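Here is the structure we will look at.
Please treat every number below as a calculation from the coordinates, not as lab data. Remember, it's a predicted structure, so these values are computed and weren't measured experimentally.
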Amino acid sequence: MKLPSMIKAWLNPTITPEKLLMDYVSTGNKKYLTLLVEQFNLPLYHYLLSQSNKELAEDVLQTTWLKVMRNTSQEHSNVKSWLFTIARNTLIDELRHQKKWQMQELADEHTITVNLSRELAHTDKLAEFNEAVITLPFYQREAFIFQQEGFSVMDICQLTDESFETVKSRLRYARNNLKKILGTNE
């Protein structure tokens, strides 16, 4: 007999990330941390990879999890946001350390070259889209990726410590630039 999904959910309740972190902090049992890693490792890696190269993304991801292991002194109401904030700040610190961090003014973010769209005309759509996202300026790409990860505009404001209007502008510029690069009005 097959159980309806609602009943399955009652019989097998999902443990929230906040509960997993709290259990890890209180017991020190690594199985809770492992469950957190299983849930968030890939999304964090995807974000970091979209903002850097493979080697740097892997290094920053590892450092992020080490910081999580060390920083267990407080509760967090939104573990996903907390993890992405740690990853973001670690990435920016590493880029500064490597002298690859360049502050970009918001006014300059909308100026982007679209020559890549012609080069990408013969690749498949997903690869073309991924290449287009990579060409976005850092802050636009960051806001766009955070939104794709399910964060609201308000969540992105908290993650980046930026105003609501700034985040909305970055998202608008990102969408407009992607439309230009991809040659679409959708």
* To do: Take the Cα radius of gyration of region 129-186 and divide it by 2.2 N^0.38 Å, with N its residue count; two decimals is plenty.
  => 1.07
* Considering the Cα trace of region 16-100, what is its radius of gyration and what is Dmax, both in angstroms? -> 12.9, 40
* Determine the gain in length on full extension of the stretch PHE129-LYS99; use 0.36 nm per residue of separation and subtract their C-alpha separation, reporting nm with one decimal. => 8.0 nm
* Asked: Ordered by residue, what ³J(HN,Hα) values in Hz, to whole numbers, does region 136-153 give under the Karplus form 6.51 cos²θ - 1.76 cosθ + 1.60, where θ = phi - 60° and Gly and Pro are x?
  -> 5, x, 3, 5, 5, 4, 4, 4, 4, 5, 4, 5, 5, 7, x, 7, 6, 4
* To do: Starting from the Cα-Cα distance between SER163 and ASN176, subtract it from 0.36 nm times their residue separation and give me the gain in nm to one decimal.
  => 2.7 nm
* Structure fact -> Applied in sequence order to region 44-51, the curve 6.51 cos²θ - 1.76 cosθ + 1.60 (Karplus, θ = phi - 60°) yields integer Hz couplings, x standing for Gly and Pro, of 5, 4, 4, 4, 5, 5, 5, 10
